[in-house]
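One structure is given below, encoded as structure tokens.
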Amino acid sequence: MDIGAIDYFANGGNSFLHRASTRYKLIFVALVIASVVITDDFILLLSVYLILTAFVILTRLPFLKIISIASYPAIFALLFAIASWNGNWIGSGVIVFKALDAALATVLLIVTTPYPNVFAALEPLLPKVVVEGLFLTYRSIFILLELIDNLIKALRLRGGLTPGRYLKNIINFSSGIGLLLVRGFDLSERFYGVMRIRGYNGKMAELESKKLDKRDAVPILIGILVLALSLAGYVRNDLSKYYIYAFMISILSVLFTVSYTYIQKSRGLNWKN
């Protein structure tokens with residue numbers, strides 16, 4: 001369900017992040033993740049999370065949905081924080097917010113970028129065959145999920161999954177997975193044949209322009225600023241006392257984006273009325 005929603009968000013939005021180049025959004029995510037790795041300051045990590053939250057608001061995508069998708073890694077980070085608890089809640093907060101920041105930056109990329117563009121932007125970094133393999137794997141996930149759903153429905157209708165009969169259920173489900181594997185090989189051959197008929201020549205996605213455009217300025221500047229703050233605190237610990245200003249600015253940015261989107265929405269309603 002989330003994968004389908006992510007695909008819809010990436011293709012249906014028109015925010016500044018949707019219009020930004022994929023290449024520079026990848027650089028933005030890399031800068032944020034690098035800064036998260038470098039710093040251990042709770043205030044700065046919280047500030048980065050608030051800035052990313054402001055970005056989510058500006059995309060006009062379902063806020064709670066995006067935040068919940070990006071919160072999955074925090075569950076594992078929370079378990080790790082509990083396991084390593086030493087009475088310092090700031091240390092535990094640092095672990096959780098490191099996961100939240102990295103996850104939210106990555107989710108922002110994939111909910112504002114169609115997946116063919118993401119894979120095309122990876123071509124300079126990975127061999128072409130690997131990029132196309134990742135592309136086809138992602139495309140096949142939806143087909144395999146539908147096949148598994150049909151398999152479970154068929155097993156239930158034919159009495160293959162009976163409550164309380166665990167051994168029989170495992171045997172029937174294993175047989176179904178075997179048939180699904182054979183079906184998967186058959187589908188892959190048919191898929192390749194269809195691609196060849198439709199003119200597949202070994203190139204599946206076009207690269208975007210490499211030129212830096214004004215639409216890329218915001219994510220790049222924010223990424224550089226976040227990394228610069230992390231590096232400043234890493235090199236000189238006494239500079240970390242100024243992170244409180246970054247925290248205040250991040251709160252103001254969230255308030256500003258909430259007000260801005262509310263005013264824009266109100267104007268739209270007034271115009272319709």
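The values are calculated or read from the model by the stated rules, or taken from the named source; none is laboratory data. All figures in this text were calculated on a predicted structure; none of them were measured in a lab. All Cβ positions, even for glycine, are placed from backbone atoms using ideal geometry, and neighbour counts span all protein chains on display. Each accessible area value is taken on the protein alone, full model and side chains, heavy atoms only, with ligands, DNA and RNA left out. Shrake-Rupley method; radii C 1.70, N 1.55, O 1.52, S 1.80 Å.
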Ranking by accessible area, most exposed first, for LEU167, LEU104, LEU229 with a 1.4 Å probe = LEU167, LEU229, LEU104
Roughly speaking, what is the stretch gain from ILE249 to ILE148, that is 0.36 nm per residue apart minus the C-alpha to C-alpha distance, in nm to one decimal?
-> 31.6 nm
Expressed in nanometres to one decimal, the distance between label points 7 Å along Cα→Cβ at LYS65 and VAL194 is 2.6 nm
Residue of ILE66, ILE152, ILE143 that the Gaussian network model of the chain assigns the largest fluctuation, springs spanning Cα pairs under 10 Å = ILE152
May I ask for the angle, rounded to the nearest 10°, between helix 89-111 and the longest principal axis of the chain, with both axes built from Cα atoms and the value confined to 0 to 90°?
-> 60 degrees
Translational diffusion of the range 47-157, µm² s⁻¹ [Kirkwood Rh, Cα pairs; Stokes-Einstein; 37 °C; 0.692 mPa s] | 194 µm²/s
Radius of gyration and maximum dimension Dmax of the range 75-226, Cα, Å = 22.7, 64
With springs only between Cα atoms under 10 Å, which of ARG19, ARG190, ARG60 fluctuates most in a Gaussian network model of the chain?
-> ARG190
Charge dipole of the range 81-158 about the Cα centre (unit charges at C-beta), most positive-ward option of LEU122, ASN88, LEU144 = LEU144
Which value, in debye to the nearest 20, describes the size of the charge dipole of the chain about its Cα centre when Lys and Arg Cβ atoms bear +1, Asp and Glu Cβ atoms bear -1, and nothing else is charged?
-> 760 debye
With the other protein chains left in place, how much accessible area per residue, in square angstrom, belongs to the range 3-65 at a 1.4 angstrom probe?
-> 39 Å²
Relative contact order of the range 32-165 (C-alpha contacts under 8 Å, at least 6 apart) in percent is 26 percent
For the chain, set up a Gaussian network in which alpha carbons nearer than 10 Å are linked by springs, and say which option among PRO114, PRO73, PRO127 fluctuates the most.
-> PRO127
Links that overshoot a 31 Å alpha carbon limit, given the list LYS65/LYS153; LYS98/LYS214; LYS65/LYS168; LYS25/LYS98; LYS25/LYS153; LYS128/LYS214 = LYS65/LYS168; LYS25/LYS153
Here D for the chain, in µm²/s, from Stokes-Einstein with a Kirkwood Rh over Cα pairs at 10 °C and 1.306 mPa s, works out to 73 µm²/s
